[in-house]
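Taking it in order: structure first as C-alpha cells, then the write-up.
Read-outs throughout are calculated quantities, based only on the coordinates presented, and are distinct from any laboratory measurement. Remember, it's a predicted structure, so these values are computed and weren't measured experimentally. Please note: Cβ atoms are built from the backbone with ideal geometry, for glycine as well, and neighbour counts cover all protein chains shown.
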Amino acid sequence: MLAEPALPADFVALLGGAVAGCLGALVGIGGGVLLVPVLNSSLVGMTFREATAASLVGVLATSSSAAVVPIGKRLHNARLALLLLAFSVTGATVAGRYITSYSDRTFQLIFGTLAVVIAGVMFVRLNRRNVMPQGADIGTLGGRFLDFDTGEEVVYRVKRLPVALAVSFSAGALTALVGIGGGILIVPMLNSLCGVPLRVAAATSVFMVGVTAVPSLTFHWAGGFLGDFHIAGLTALGVVIGYQVGLALSPRASVQWLKVLMASILVAVAVRYLLLTK
C-alpha cells in the first residue's frame, strides 16, 4: 500500500501559487519558473507538460493581479510593453505548434539551460544600475519614475531595441514550450542589456505575461494537457493572494536584493532540471 504524501497536493498548489505571486510582484516573473517545478514534483504528481499547462493559468492570474495595483504605484512602461507584446505573442503562437513534437525531457533541458544562462547575466550585473542624469533625452520609449531605494526620480532610456524585440519573441516561444510567463527572460535582459531599471522591467513584464500566455494556454488545452482544473484553480487563487503580499513588500526590498533573489531561484531551477532530473 502506498504511503500518503507528506503534504496534500491542494495545499502545495495553493502555497506554490502564493509564493509565485509574491515573486511576480517583486521581480516581475509570471511565476512559471517556480510553479512548473512545484507542480511537476512528487508532492503534486503532474507530468512536466501538465505542470506547464497549469502554470500558465497561474501566469494569467499574476498578470490580472497587476490590474488592481493603484495607479500611483504602477511602474510599467506601457509603450514598450505594447511593442514587445507584438513579438512575444507571435513567438508563443509559432512555438505552440511544437509542444507535442518533443519529449518532456527535451523541454526540461531547455528550461534548466535557460535558467543557468540568465542567472549568470544577473550575477555579472549585480551592482550596475540603469540611471541617466536628470533632463537627459529619454527617447520615444524611455521614462521616469520615483525610485523606492533613493526617494529620487530616476530617468532611463531604452537601449538596443532590436535585442529587446528578439528577447520578447524568444520569451513568447518559451512561454508556449515550458510554461513560464516569459518574465524570467524579459526582466533580466531588459535590465542587463536594454537599460531599463529592474523595477520598471519587472512591472512591464507582469503587464505583458498574461497576454503572452493566452495563445500558449490555448495550445495546451487543445493538446489535452490542461486536465486538472482543480489544481490550476488553486494555483491561481494562491497567485492572487501572494501578489498582494509581494506588492506590499516591494517598496522595502532593495534592487540588489531582488537581483540576488531572482538569480538564486534560477540556479535552484537549473540544478533541479539539469542535475537532479533524468
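Among 221-227, 202-208, how do they line up from the highest to the lowest mean number of other beta-carbon atoms within 10 Å?
So the order, starting with the most tightly packed, is 202-208, 221-227.
Would you tally the net charge around V27, using a Cβ to Cβ cut-off of less than 11 Å, leaving V27 out, and scoring K and R as +1, D and E as -1?
Spelling it out: positives minus negatives among the neighbours equals +2.
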